[in-house]
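Asker: Mind looking over this structure? Questions follow.
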Amino acid sequence: MTNTAHPYDTVLPDSLRHADNYKWTKFGDDVLPMWVADMDFPVAPAILSALQGRLSRSVGYPQMPGDPTLKAQLIAKLAKDGLSDLTSEGVAFLPGVVPGLYAAVQALTEVGDEVLTVTPTYPPFLSATTDQGRVLNAVKLIEGKAGWTMDFAALEAAITPKTKLLMLCHPHNPTGRVWTRSELEQLAEFVLKHKLYVVTDELHADLRFSDAPDYVPFAAISPEVAQRTITLTGPCKAYNTAGLSIGAMISHNPDLVAKLEKTTHGTMGHPSALSVTMWQAALSGGAEWLADTLKYLQANRDFLSEFMARELPQVPYTPPEATYLAWLDLRSHPRAADIQQFLLEEAKLALNDGLTFGEGYQGFVRLNFATSRELLQDGLERLAKAVKA
Ligand SMILES: Cc1ncc(COP(=O)(O)O)c(C=O)c1O
């Protein structure tokens, strides 16, 4: 952990608690918000200046078939990540990653089909299925002492003739797991055996910590599995730009991308001009900012881990390998049944409620540690005081 001053050390509640900021205004002024996945940091200078340039040039329709510069940048970036040989037809832009989750369910399954996912999970994985008349087939991860792992036996047992699609989150929100190559190989074998389609949300991939396992995109596991896989990604987690909605759906099988596009044609808006410029700037000039931000986040994660071990050893927690989210197990607390409300009232701390991450996760909370060290310490002290009282 570094003791040197960093500009992020001076993040101030007063500058964040303004009407444009959902994270900082949903709860009362006395509440410290450590919930929705926004970072409390300003955007990269490269993004800021590119946006200013775009505003002074034009905000007319962007390149409607999909900005060719951004496509080329993204294909090059994904190749570096291990997802090589993508073509322009295998990439299409979307107004966000969640729309891609919904589109995949709509295009690759029928009403009444089952969609398989592992829980706990980012809540839209659940709603993309249930909102659209599909049946949720949720398999719990194994809670081991060393962290969260796939339950392959339970996945196998969950398969029925109606199971058509697997939704994967890699790295995983909320546990912060970066699935290993061997876990992904086992998953790929399972997918091929049962002829499933896969939608893999890899939005958090650029937020891997230095001690994470090597990142392998799921579609890079084999050409066979790539033919059945849609990968979703976007800039919003790594570059803190969720208000400028944009995402991409990617596949080595362009027919799958075309299928998703066709299903949502006319109902899904195009990504905004500013979002296209923002993502271009992130990919061309954001690397240094991202590396520095990631270092800060990793030091925050380590601070949090030390704090939890020292002050709250009774609260199981596995340090995330990626992302700025900590998944805390407060099931043994007397107020586990309404833990989020308890922490709001008693700690004046806003965290995400485990209940929304799938059945059986009441009593967990998700804490966003992408803030200044000082505010993180404040939040953790509020948590410890309320939990120990
Ligand atoms: C795994 C995951 N997917 C998607 C999103 C949201 O993506 P978007 O805002 O581009 O729809 C989030 C936001 O936190 C997320 O964690």
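Asker: From the list Tyr197, Tyr122, pick out the single residue that is touching a helix residue (DSSP H, G or I) at 6+ places or on another chain (Cβ under 7 Å), in contact (Cβ under 8 Å) with a residue 40 or more places away in the chain and either aromatic (Phe, Trp, Tyr) or farther than 23 Å from Pro217 by Cβ (or both).
Answerer: Criteria check complete, one pass: Tyr197.
Asker: Does Ser58 meet the test of being among the small types (Gly, Ala, Ser), at pLDDT below 95 and more than 16 Å from the ligand (Cβ to nearest atom)?
Answerer: In short, yes.
Asker: Return the pair list, or none, for Cβ contacts closer than 6 Å from residues in segment 217-237 that are modelled with pLDDT of 95 or more and basic (Lys, Arg) to residues that are away from the ligand (no atom under 12 Å from the Cβ) and open to solvent by 10 Å² or more (accessible area, probe 1.4 Å), at least 6 apart or on different chains.
Answerer: As it stands, the answer is Arg228/Tyr197, since those pairs meet every condition given.
Asker: Scan segment 97-123 residue by residue and report those that are closer than 24 Å to Trp35 by Cα and either crowded, with 21+ Cβ neighbours inside 10 Å or aliphatic (A, V, I, L, M) (or both). Break it down stepwise before answering.
Answerer: So in segment 97-123, the residues closer than 24 Å to Trp35 by Cα come out as 97-102, 117-123.
Result: Val97, Val98, Pro99, Gly100, Leu101, Tyr102, Thr117, Val118, Pro120, Thr121, Tyr122.
Asker: Quick one: in segment 336-373, which of the residues that are part of a loop (DSSP other than H, G, I, E, B) and not hydroxyl-bearing (Ser, Thr, Tyr) is nearest to Pro42 (Cα to Cα)?
Answerer: Ala370
Asker: Pick from segment 105-123 the residues that are touching a Ser or Thr at 6+ places or on another chain (Cβ under 7 Å) and part of a helix (DSSP H, G or I): which of them is nearest to the ligand (Cβ to nearest atom)?
Answerer: Taking the candidates together, the pick is Val105.
Asker: For segment 220-302, which helices (runs of 4 or more DSSP H) that fit wholly inside it have 1 or more residues that are within 16 Å of the ligand (Cβ to nearest atom) and open to solvent by 10 Å² or more (accessible area, probe 1.4 Å)?
Answerer: Passing ranges, in order: 236-239, 254-264, 273-285.
Asker: Does Leu330 satisfy the condition of being closer than 17 Å to Pro174 by Cα and either under 17 Å from the mean Cα position of the chain (by Cα) or polar (S, T, N, Q) (or both)?
Answerer: On the way: closer than 17 Å to Pro174 by Cα: yes; either under 17 Å from the mean Cα position of the chain (by Cα) or polar (S, T, N, Q) (or both): no.
Taking the combined requirement at face value, the residue does not satisfy it.
Asker: May I ask you to verify whether Arg310 is open to solvent by less than 60 Å² (accessible area, probe 1.4 Å), more than 16 Å from the ligand (Cβ to nearest atom), of a type outside the set (Gly, Ala, Ser) and out of contact with any helix residue (DSSP H, G or I) (no Cβ under 7 Å at 6 or more places or on another chain)? Write out each step before concluding.
Answerer: Working: open to solvent by less than 60 Å² (accessible area, probe 1.4 Å): no; more than 16 Å from the ligand (Cβ to nearest atom): yes; of a type outside the set (Gly, Ala, Ser): yes; out of contact with any helix residue (DSSP H, G or I) (no Cβ under 7 Å at 6 or more places or on another chain): yes.
It is false that Arg310 is open to solvent by less than 60 Å² (accessible area, probe 1.4 Å), more than 16 Å from the ligand (Cβ to nearest atom), of a type outside the set (Gly, Ala, Ser) and out of contact with any helix residue (DSSP H, G or I) (no Cβ under 7 Å at 6 or more places or on another chain).
Asker: Can we say Tyr102 is of a type outside the set (D, E, K, R), assigned to a loop (DSSP other than H, G, I, E, B) and within 16 Å of the ligand (Cβ to nearest atom)?
Answerer: No; evaluated as a whole, the condition is false for this residue.
Asker: Does Thr277 count as assigned by TED's automatic domain parsing to the domain that holds Lys23, among the hydroxyl-bearing types (Ser, Thr, Tyr) and in contact with a Gly (Cβ under 9 Å, 6 or more places away or on another chain)? Quick ask: steps written out before the conclusion?
Answerer: Details: assigned by TED's automatic domain parsing to the domain that holds Lys23: no; among the hydroxyl-bearing types (Ser, Thr, Tyr): yes; in contact with a Gly (Cβ under 9 Å, 6 or more places away or on another chain): yes.
No, not satisfied.
The values are calculated or read from the model by the stated rules, or taken from the named source; none is laboratory data. Bear in mind that the values here come from a model prediction, so they are computed numbers and not experimental data. Ideal geometry is used to build each Cβ from the backbone, glycine not excepted, and the neighbour counts take in all protein chains shown. These area figures cover heavy atoms from the full protein model, side chains too; ligands, DNA and RNA do not enter into them. Shrake-Rupley method; radii C 1.70, N 1.55, O 1.52, S 1.80 Å.
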